[in-house]
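Colleague: Pasting a structure below so you can have a look.
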Amino acid sequence: MTKDAGKPQDWPEDHWRGLVNRVRAGRNLMPAQWPGGARCAVALSFDSDHETNELRDGGASISRLSWGEYGARCGVGRIRKVLDAHGVKATFFVPAVSAMLHPEEQRSLVEDGHEIGLHGWIHELNAGLDAAQERDLMLRSADTLDRICGQRPVGMRTPSWDYSPSTLQIARDMGLLYDSSLMADDDPYEILAAGEPTGIVELPVEWIRDDAVYFMMNRFGAQRPYTPPADVLDIFMREFDGAYEEGGLFLLTMHPHVIGYRSRIFILDALIRHIKSKGDCWFATHADIARHCADSAGIRRTR
């Protein structure tokens, strides 16, 4: 396949099929039973982008860098307070540069039983890198998190959920257990590479289940979307209720510099209370959910 294949309406079938089949959803990995007889699995995740949102774009805005610092200085603390109060473990996806700027944050999260996952080097966009650059950054990121946290990450969430044609193969070469960047289902599935099962568990994300899309704004742009926090809570609760009814996975993506404000942190607390009121939900890290799905499906793994 070449970039000069003409306009999309003129593409031959082998070209557009090749694009579609690069990375595809394979078999459903929903286990017959969640641990402890739970009806629903709950995976809460936080993308600790911190200052890398500005750095990734080559920016040096002191104001925007301070916004990222807020996530580390205030947001993570409020999140941890809520998680600790409910005895819930979560997954924090951390760019390597964020980890180097805030190493004690990562170490203390691991000490509390939370998971640290890969989230790029400086929140770069993988699709803008060549294969060698992307591989180097992913390996360096894993090495950095390993050094800071004392344990090597077993899963990844690509920055901005961005995939290049090389991303999946690099993840396979690294022996990763899972990815959480794709959107082909609500529930876990095995990723296919050109039709071949990879053994990598996908824990799907969705913009509907992401706090940033409801609250983020561009100060220089014409569009400044804002959804009242109570309405965001309602959306998240309805997403959970659907997962619970189907006996599936509820996975939520949040950001310390978005959800961590005084007027928004109640969303996390109220949501956990609502989930706990069901009495039969399994709160777990992404790694624990992926391991359970892989084991239930008989997927052989090295990590």
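Colleague: State whether the residues of the range 259-271 include one that is of a type in the set (S, T, Y), surrounded by 13 or more Cβ atoms within 10 Å (Cβ to Cβ), out of contact with any Asp or Glu (no Cβ under 9 Å at 6 or more places or on another chain) and at pLDDT 95 or above.
Modeller: Within the range 259-271, one or more residues are of a type in the set (S, T, Y), surrounded by 13 or more Cβ atoms within 10 Å (Cβ to Cβ), out of contact with any Asp or Glu (no Cβ under 9 Å at 6 or more places or on another chain) and at pLDDT 95 or above.
Colleague: Which residue, of R39, R27, R64, is over 20 Å from E246 (Cα atoms) and either more than 18 Å from the chain's Cα centre (by Cα) or without any contact (Cβ under 8 Å) to a residue 12 or more places away in the chain (or both)?
Modeller: Testing whether each residue is over 20 Å from E246 (Cα atoms) and either more than 18 Å from the chain's Cα centre (by Cα) or without any contact (Cβ under 8 Å) to a residue 12 or more places away in the chain (or both) leaves just R64.
Colleague: Give me the pairs: first residue in the range 3-24 and in contact (Cβ under 8 Å) with a residue 40 or more places away in the chain, second residue part of a loop (DSSP other than H, G, I, E, B) and of a type in the set (F, W, Y), beta-carbon distance under 7 Å, and six or more apart or on different chains, which are they?
Modeller: Taking only residues 6 or more apart or on different chains, the pairs are V23/Y163.
Colleague: OK, next. Hydrophobic (A, V, I, L, M, F, W, C) and part of a helix (DSSP H, G or I) - does that describe any residue in the range 52-61?
Modeller: yes
Colleague: Only one residue in A230, A270, A290 is in contact (Cβ under 8 Å) with a residue 60 or more places away in the chain and assigned to a helix (DSSP H, G or I), so which one is that?
Modeller: Criteria check complete, one pass: A290.
Colleague: Still on this structure, I have one more. Mind checking which residues of the range 97-144 are more than 16 Å from the chain's Cα centre (by Cα), over 12 Å from P159 (Cβ atoms) and part of a loop (DSSP other than H, G, I, E, B)?
Modeller: Answer for the range 97-144, where residues must be more than 16 Å from the chain's Cα centre (by Cα), over 12 Å from P159 (Cβ atoms) and part of a loop (DSSP other than H, G, I, E, B): H102, D112, G113, D130.
Colleague: Those residues that are over 24 Å from E206 (Cα atoms) and within 21 Å of the chain's Cα centre (by Cα), I need them from the range 42-61; list them, please.
Modeller: L55
Colleague: Taking the stated definitions as given, is L145 under 30 Å from G242 (Cα atoms) and not small (G, A, S)?
Modeller: It is false that L145 is under 30 Å from G242 (Cα atoms) and not small (G, A, S).
Colleague: Which residue out of R209, R152, R157 is surrounded by 15 or more Cβ atoms within 10 Å (Cβ to Cβ), in contact with a Gly (Cβ under 8 Å, 6 or more places away or on another chain) and among the basic types (K, R)?
Modeller: Exactly one residue qualifies, and that residue is R157.
Colleague: Moving to a separate point now. Looking at (1) in contact (Cβ under 8 Å) with a residue 40 or more places away in the chain; (2) part of a loop (DSSP other than H, G, I, E, B); (3) of a type outside the set (A, V, I, L, M), find the lone condition where H257 falls short.
Modeller: Answer for H257: the failing condition is (2).
Colleague: Could you grab me the full set of residues in the range 1-51 that are among the polar types (S, T, N, Q) and surrounded by fewer than 15 Cβ atoms within 10 Å (Cβ to Cβ)?
Modeller: T2, Q9, N21, N28, Q33 - these are the residues of the range 1-51 that are among the polar types (S, T, N, Q) and surrounded by fewer than 15 Cβ atoms within 10 Å (Cβ to Cβ).
Colleague: Which numbered condition trips up G75, out of (1) surrounded by fewer than 23 Cβ atoms within 10 Å (Cβ to Cβ); (2) closer than 17 Å to S45 by Cα; (3) touching a helix residue (DSSP H, G or I) at 6+ places or on another chain (Cβ under 6 Å)?
Modeller: The failed condition is (1).
Colleague: Please verify whether E54 is at pLDDT 95 or above and either of a type outside the set (G, A, S) or crowded, with 21+ Cβ neighbours inside 10 Å (or both), treating the condition exactly as stated.
Modeller: Considered against the rule, which asks whether it is at pLDDT 95 or above and either of a type outside the set (G, A, S) or crowded, with 21+ Cβ neighbours inside 10 Å (or both), E54 comes out as no.
The values are calculated or read from the model by the stated rules, or taken from the named source; none is laboratory data. Model, not experiment: these values are computed from the prediction. Using ideal geometry, Cβ is built from the backbone for each residue, glycine included, and neighbour counts are taken over all protein chains shown.
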